[in-house]
Each structure stands twice: as C-alpha cells, then as structure tokens.
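A.B. asks: Have a look at this one.
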Amino acid sequence: MNNNGFASYFQLSNVDWPKMWLATWETVWMTLVSIIVVAILGALLGLLLFETSNSKSAGARALNWIVAAFVNIFRSIPFIILIVLLLPATQAVMGTIIGPKAALPSLIISAAPFYARLVEIAFHEIDHGVVEAAQSMGATKGQIIFKVLLPESMPALVSGITVTAISLIGYTAMAGAIGAGGLGNLAYLDGFQASNNAVTLVATVIIVLVVFVCQFAGDIVVKRIDKR
Amino acid sequence: MIEFKDVSKTFDVKEGQVAAVRDVNLTIPDGKIYGIVGYSGAGKSTIIRMLNGLEFPTTGSVTINNTEISKLKGKALREQRLKIGMIFQHFNLLWSRTVFENVAFPLEIAKVPKAQRKEKVLRLIELVGLKGRENAYPSELSGGQKQRVGIARSLANDPEILLSDEATSALDPQTTDEVLDLLLDINKKLGLTVVVITHEMHVIRKICDQVAVLDAGEIVEQGPVLDVFKHPKQAITKRFVNQETSTSSQDDTTLAVSELLKKYPNGLIIKLGFHGDQAQLPIVSSVIRKFPDVDLSIIEGNIHQTTEGALGSLYIQVISDNQDSVKEVLSYLNTMRVETEVIEREQ
Ligand SMILES: Nc1ncnc2c1ncn2[C@@H]1O[C@H](COP(=O)(O)OP(=O)(O)OP(=O)(O)O)[C@@H](O)[C@H]1O
Ligand SMILES: [Mg+2]
C-alpha cells in the first residue's frame, strides 16, 4: 500500500463505508440539532437587540448594551478556543466531553450570537413605515412581531440560517478533531493519523456535498418566499 | 368632531429643539373632507399623526368625539386606533401578503373571526376596484393599485375617520385623480370624516370642503376651500393658489407679461378672477361691446372645477389712448363682481 503518493487518495478500498456513513450522519445530526436551537435562540436574541436598540428608556438601553456585549464577545472567540473553554461546562451539562452530543453546547454558543446579529439586521431592514402602519391599526407588540417583523424579514432570516448552517458544518469538523465525532473526526483519526488519504478525500467530498445541498435548499426556499 | 386645542409639538434633536407644530387650533367637522396644506417640513405629518397617537403633543390636547387621544395609552389607545384608518405616501403594504391578506390584516389585528373576514375583504376589494386581483402580491401592482389596496385596508374596521398622509404624492397626475375620486366617493358613500394632508393645492381643490394652510408649524389661514381660493390672504396661500390656478407655470406668464409690457407700453395688464356663476358669464365680450375705444388682448386664462363650483383666472391687456376709458373698464369689471388685480410694471 502506497500511502504517500498521489494515487493514495483514490484507494477507495481503504475506506470503511459503514463508518463513513455513521460519521456523515453524526455531522448532519450535530448541524441539524444545533441549527434548530441556534435559530430559536438567535431569533430571540436578535429580537431583543432590535427592540432595545432605538428605545429611549434607560433600562432598555442597558439591556441592549449587555446583550450586544455578550454577542460581540462570543462572536469573536475563535471556535477551537471556545470548545476548550467550555469543556468543564459541557461536562456539567451534557455529562460527557466526547461524541456528537458534547459538541452541541460550543456549536450553539458560537453560532447563536452570530445569527442574532443577522436577525437584528434583517429586522432593521424592514421599512419602518410598515411597522407604523400596523401600529396605526392598533396592533400589539406581539402582533407586530408575529405578523409584521417575522414574515416581512423571512427571506433574510432564511438566508441567514443557511449561512449559519454552513459555518456550523465547518465547526463540526473542527469539533471532530478534538473528539466530537462526525466527518472531521474521521478525517483526522482514520485519515490523517492512520495515513489513509482516501478517507480524508471521501470525508472532504461528503462535507462539500452537504454544504452544497444546504446552500441549494436555502436558495430555493428564499426564492419561493420572497415576493418583493 | 376632531378638535386640536393649543397644540404644540417640539422634538428634541442633537442640535437642540425643533418646534414642529405651534399653537394649532383646529376643528374638523364630522363627515367632511378636511385638507391641510403646507410645504415640506411644515409639520403636516406631525399633526395628522397626533390623531392616532403615533405622535403626542408636547402641550395642548387633541380630542376626537370628546375622547382625548393625547391622553390614551396601551389598550385604550389601540382600541381607539381601530376606529381610525390611515393611508400613506409609500402605501406601507406588507409585501409578504397578497392583496386579500393585506386587506385582511387589520381584521386579524381586531381579532375578527376568519369566516367574517372573507366576505368583508372581498367587498372592500370590490369597492376600491381591484376585483380579480385578490391573489396578487403588492410587487405585481402599479402605484395606483397599491394605494387602492391601502385604502381598502384602511376601511377594513369601519373607521369613523380616514387619515391620508400625502397619499397621492408618489403617483402620476392621472392616477392621482383616480385615487382622489375614490376618496371622494368613499366619503360620500360611507360618510366618514377624511383628513387629507398634502403639498398639492390640486388635491385640496379637487376633494376638500375645508382647508387649513400650515406654514412652519403654524396655521396661517383656514376656511372653506372656495373662500380660500377666492380670497387668499397670506402670501404663502397665494403661492399655493397660484400653483393651482395658472395652467402654465408662473414663470411663463411672467415672461409673457413682460414681453407684452415692452410691446405695448401704454397697455394695462389686469388679472381677472372668476368664481362660481361668473365663470360662465360672457364678461370679456360685454367689455368689448361697451367700450369700443378699448382694445383687449388675452394673455392667458384657465378655469378649474372645485367641489363648490368653477374657479378661473384670466390675464388681459387693456389698451386705449384714452386713460379714462381704462379706468371705466376697471370699475365696470368691479361692478360685475369680478376680482381685478392690476399687474404693475417693473421700473
Ligand atoms: N421624530 C422626529 N424627530 C425630530 N424631528 C422631527 C421628527 N419628526 C418630525 N420632525 C421635524 O419636525 C418638522 C415637521 O416635520 P413633518 O414630518 O411633520 O413635516 P411635513 O410637513 O410632514 O413634511 P413633508 O411634506 O416633507 O412630509 C421637521 O422640521 C422635521 O425635521
Ligand atoms: Mg410628511
């Protein structure tokens, strides 16, 4: 077996397919679960940022400052450091620091603030006149959020989810390198450490495909809901 | 009845304070179309927005049928708002909703059951002439059609008052007239009070019963539309009236007048103002018959319809070797109750 030559990339017989599919499933699972939580958490945080951003009350401004600081800090910590930083917390919350489940806290905490910013921007891009029209009809805050803000910014929210999901796929691979499972883990352990280039290549191709599917699905949904 | 009592509004801005509205007193009777006209920044939007609590007066009070709007908060304010419809310059439709869903929107807000919504929405869509376009999205409509959706939407909760903030300013003249006709029609059919704000005198003339002229936050003139058109008192009102009563632009007329002044140094240029029935009298020909030694030359003229009758203006040049005849022509015109204004020669 030649493990160093260029041809080694194509020795597909060296690939343990059941293991590959399991890793693929782990990557998809980590991405899906974290993106669902990120969507909800990010929307809430983004809404909080939006509602407090041009308020006149001192309380709201203080809240905006705290949330913005939280978002900015967690957005700027490099992911690999965040995982290490959160190890004790992960152990406490999830009961383990290895496997796909253990990757969730750091995936969510890194992506939610990022998505919150995107949500805030999406809300700010809604024409203020439309919100005012709803107010003039006697709409409550809740009605404005659910009938105006969310539907009117839906294309931006969905494309934000797509972007976030794609960067989450990248993060799962990074998390995999330190034991979270998934394709990144497989490429690192079975590909790199075992000098099995074919595994690395196949894992790469699958990740790229997953990203493409994600982008494609996102684009289709945005196209369908955008009536502007 | 809508009443503004000593209403002032100042905004705090970085550079200090802006007095957007100053000591406004207004009474708007039920069932009428009331116009507020003023240039950009005069405070028109600020005034109209006080009627549905989008803005609150700094001092003074705004009342609608004895409810003081300026004191309402929370639920009471929201309930009051259901009774007031509003249309906007930029329509402010929800692009994510179809025409039908946009008109249904205020009914959803008022928690009207779904079964009742449908019938009402379809009736409103028909009223504004958009039958068949229920499933179109706003992006598929023209500006005029969008405003029709805006009007249908504003009527959904059977308001007592309809507020129009520059509703035709983004539309071309033809579409403007169509939308104005629709507003007039709705006012007649449904008997609701309409408050219109605009910077176009055309809008006032075409649909309003009464008008107030706003200048830098103050009401400088108000009254029935025809009165204000006939006897504008303030300079700003005259400018607005002229904007409307001269068909060609004011500059064109001034140019023609100065040319004529040069050509006929002894002529007298008079601007005649007609209104109501006089606009139909053959005044010019009777002058020619009565004063054979006078030559008349018509420079420019026009006539407009208002809700209360016709309104016209005519620039004529009176030429005669006999100065007395010219004076007689003037006094004859005055006995016909035609307004005369002698255009002075610039030295
Ligand atoms: N929210 C605000 N904050 C600060 N200043 C304001 C605010 N709203 C209005 N103003 C100021 O108040 C004045 C009147 O504004 P308003 O919008 O009522 O004018 P307008 O007559 O409606 O003008 P336009 O025809 O351009 O719409 C302006 O000088 C404006 O800058
Ligand atoms: Mg305005």
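Each reported figure results from applying straightforward, stated rules to the coordinates on display, with no laboratory input. On a predicted model such as this, the values are computed, not experimentally measured, just so you know. Using ideal geometry, Cβ is built from the backbone for each residue, glycine included, and neighbour counts are taken over all protein chains shown.
A.B. asks: What is the magnitude of the charge dipole of segment B:100-169 about its Cα centre, with +1 placed on the Cβ of each Lys and Arg, -1 on the Cβ of each Asp and Glu, and no other charges, expressed in debye to the nearest 20?
C.D. replies: In total the dipole reaches around 280 debye.
A.B. asks: Between helix A:150-175 and chain A, what is the angle of the helix's C-alpha long axis to the longest principal axis, kept within 0 to 90° and rounded to the nearest 10?
C.D. replies: 30
A.B. asks: Also, I was wondering about something else. Return A:His128, B:His275, B:His202 ranked ascending by Cβ neighbour count within 10 Å, so the fewest neighbours appear first.
C.D. replies: Placing the least packed residue first, the sequence is A:His128, B:His202, B:His275.
A.B. asks: Enumerate the amide H contacts of B:Glu200 below 5 Å, restricted to partners 5 or more residues apart or on another chain; note that Pro and chain-start residues carry no placed amide H.
C.D. replies: Those lying under 5 Å, H to H, from B:Glu200: there are none.
A.B. asks: Let me ask something additional. Rounded to the nearest 0.05, what FRET efficiency do B:Asn302 and B:Lys71 give with R0 = 41 Å and r taken as the Cβ-Cβ distance? Could you check?
C.D. replies: 0.30
A.B. asks: May I pose another question? List the lysines whose alpha-carbon lies under 16 Å from that of B:Lys114, not counting same-chain residues fewer than 8 positions away?
C.D. replies: A:Lys147
A.B. asks: I would also like to ask the following. Could you pull out every residue, at least 5 positions away or on a different chain, whose amide H is within less than 5 Å of the one on B:Gln89? Hs are placed 1.01 Å off N in the peptide plane, and Pro or chain starts have none.
C.D. replies: B:Asp165
A.B. asks: Apply the Karplus parameterisation 6.51 cos²θ - 1.76 cosθ + 1.60, with θ equal to phi minus 60°, to every residue of segment A:24-31 and state each ³J(HN,Hα) to the nearest whole Hz, in sequence, with x for glycine and proline.
C.D. replies: Calculated HN-Hα couplings, in order: 4, 4, 4, 4, 4, 4, 4, 5 Hz.
A.B. asks: Roughly how crowded by other chains is peptide B:92-100, in terms of the mean Cβ count from those chains within 10 Å of each of its Cβ atoms?
C.D. replies: Across B:92-100, the average partner-chain Cβ count within 10 Å equals 6.
A.B. asks: Here is a further query. Restrict the search to segment B:268-333; then list the GluC sites (Glu not before Pro) that DSSP places in a loop and that have at most 15 other Cβ atoms within 10 Å of their Cβ.
C.D. replies: B:Glu308
A.B. asks: Could I ask something else about it? So which aspartates and glutamates can B:Lys5 reach, going by Cα to Cα under 19 Å and dropping same-chain residues fewer than 8 places off?
C.D. replies: B:Asp23, B:Asp30, B:Glu55, B:Glu68, B:Asp215, B:Glu218, B:Glu221
A.B. asks: So if R0 is 56 Å, what FRET efficiency would B:Glu328 and B:Val220 give, r being the distance between their Cβ atoms, rounded to the nearest 0.05?
C.D. replies: Plugging the Cβ-Cβ distance into 1/(1 + (r/R0)^6) gives 0.90.
A.B. asks: If you don't mind, another one. Over 25 Å between Cα atoms: which of A:Lys227/B:Lys131; B:Lys32/B:Lys73; B:Lys14/B:Lys233; A:Lys56/B:Lys75; B:Lys14/B:Lys73 fall into that group?
C.D. replies: From the list (A:Lys227/B:Lys131; B:Lys32/B:Lys73; B:Lys14/B:Lys233; A:Lys56/B:Lys75; B:Lys14/B:Lys73), the Cα-Cα distance tops 25 Å for B:Lys32/B:Lys73; B:Lys14/B:Lys233; B:Lys14/B:Lys73.
A.B. asks: Over 10 Å intervals from 0, what percent of Cα-Cα pairs in chain B sits in each interval?
C.D. replies: P(r) over chain B, rounded to whole percents: 5, 22, 26, 21, 14, 8, 4, 1, 0.
A.B. asks: Further question on the same structure: Rounded to the nearest 500 deg cm²/dmol, what is the calculated helix-only ellipticity per residue at 222 nm for the protein assembly as shown, with -39500 (n - 2.57) per DSSP H run of length n ≥ 4?
C.D. replies: Here the helix-only value at 222 nm equals -16500 deg cm²/dmol.
A.B. asks: Averaged across the residues of B:193-203, what count of C-beta atoms belonging to other chains lies within 10 Å of each residue's C-beta?
C.D. replies: 0
A.B. asks: Determine the distance separating the Cα centre of segment B:71-141 from the Cα centre of segment A:1-50; give it in Å without decimals.
C.D. replies: 46
A.B. asks: Could you state the angle between the C-alpha long axis of helix B:114-127 and the longest principal axis of the C-alpha atoms of chain B, as a value from 0 to 90 degrees rounded to the nearest 10?
C.D. replies: Between helix and principal axis, roughly 10 degrees.
A.B. asks: Would you pull out the residues with amide H under 5 Å of B:Met336's amide H, same chain only if 5 or more places away, H placed 1.01 Å from N?
C.D. replies: none
A.B. asks: Ok, one more. Inside 10 Å of the C-beta atoms of B:102-108, what's the mean count of C-beta atoms belonging to other chains?
C.D. replies: Mean number of neighbouring Cβ atoms from other chains: 3.
A.B. asks: Each residue of segment A:77-91 in order: what ³J(HN,Hα) in whole Hz does its phi give by Karplus 6.51 cos²θ - 1.76 cosθ + 1.60, θ = phi - 60°, with x for Gly and Pro?
C.D. replies: 7, x, 4, 5, 6, 4, 4, 5, 4, 8, 3, x, 5, 4, 4
A.B. asks: Something else about it: What list of ³J(HN,Hα) values in whole Hz, one per residue of segment B:308-316 in order, does the Karplus curve 6.51 cos²θ - 1.76 cosθ + 1.60 (θ = phi - 60°) give from phi, with Gly and Pro shown as x?
C.D. replies: In residue order, the calculated couplings are 10, x, 7, 8, x, 9, 9, 9, 10 Hz.
A.B. asks: On to the next question. Does segment A:157-219 classify as rounded, prolate or oblate by the C-alpha gyration tensor (a ≥ b ≥ c root eigenvalues; a/c under 1.5 gives rounded; else a/b over b/c gives prolate, otherwise oblate)?
C.D. replies: oblate
A.B. asks: Applying a 10 Å radius around every beta-carbon, put B:216-225, A:151-160 in order of their mean neighbour count, most first.
C.D. replies: Result, highest mean Cβ count within 10 Å first: A:151-160, B:216-225.
A.B. asks: Same structure again: What FRET efficiency comes out for B:Asp227 versus A:Asp226 if R0 is 60 angstrom and r is the Cβ-Cβ distance? Round to the nearest 0.05.
C.D. replies: So the FRET efficiency works out to roughly 0.70.
A.B. asks: Note the full-extension length gain between B:Glu344 and B:Lys131 as 0.36 nm times their separation in residues minus their Cα-Cα distance, in nm to one decimal.
C.D. replies: 71.1 nm
A.B. asks: Just the number, please: Stokes-Einstein D of chain A in µm²/s, Kirkwood Rh from C-alpha pairs, 20 °C, 1.002 mPa s.
C.D. replies: So the translational diffusion coefficient is about 110 µm²/s.
A.B. asks: Here's another thing I want to ask about it. Within straight cross-link reach of A:Lys19, meaning Cα distance under 24 Å, which lysines are found once same-chain residues fewer than 8 apart are removed?
C.D. replies: Answer for A:Lys19, where 24 Å is the Cα cut-off: A:Lys101, listed by chain and number.
A.B. asks: With charges set only on the Cβ (+1 for Lys and Arg, -1 for Asp and Glu), what does the dipole of segment B:26-98 come to about its Cα centre, in debye to the nearest 20?
C.D. replies: 220
A.B. asks: Could you give the spread of the C-alpha atoms of the protein assembly as shown along their three principal axes, from largest to smallest, in whole angstroms?
C.D. replies: 124, 56, 51
A.B. asks: Order these by the 10 Å Cβ neighbour count, fewest first: B:Leu281, B:Leu93.
C.D. replies: Fewest-to-most ranking of B:Leu281, B:Leu93: B:Leu281, B:Leu93.
A.B. asks: Taking neighbour Cβ counts within 10 Å as the exposure measure, how do B:Lys14, B:Lys44, B:Lys75, B:Lys230 sort from fewest upward?
C.D. replies: B:Lys14, B:Lys75, B:Lys230, B:Lys44
A.B. asks: Report the full-extension gain for the segment B:Asp293 to B:Asp172: residue separation times 0.36 nm, less the Cα-Cα distance, to one decimal in nm.
C.D. replies: Here the segment from B:Asp293 to B:Asp172 would lengthen by 38.8 nm.
A.B. asks: Putting +1 on Lys and Arg Cβ atoms and -1 on Asp and Glu Cβ atoms, find which of A:Ala69, B:Val196, A:Leu32 reaches farthest to the positive end of the dipole of the protein assembly as shown.
C.D. replies: A:Leu32
A.B. asks: Hey, what did chain B get for relative contact order, percent, Cα under 8 Å, at least 6 apart?
C.D. replies: 17
A.B. asks: For the residue pair A:Ser55 and A:Asn72, what label-to-label distance in nm results when each label sits 7 Å from Cα along the Cα-to-beta-carbon direction?
C.D. replies: So the label points at A:Ser55 and A:Asn72 sit 1.9 nm apart.
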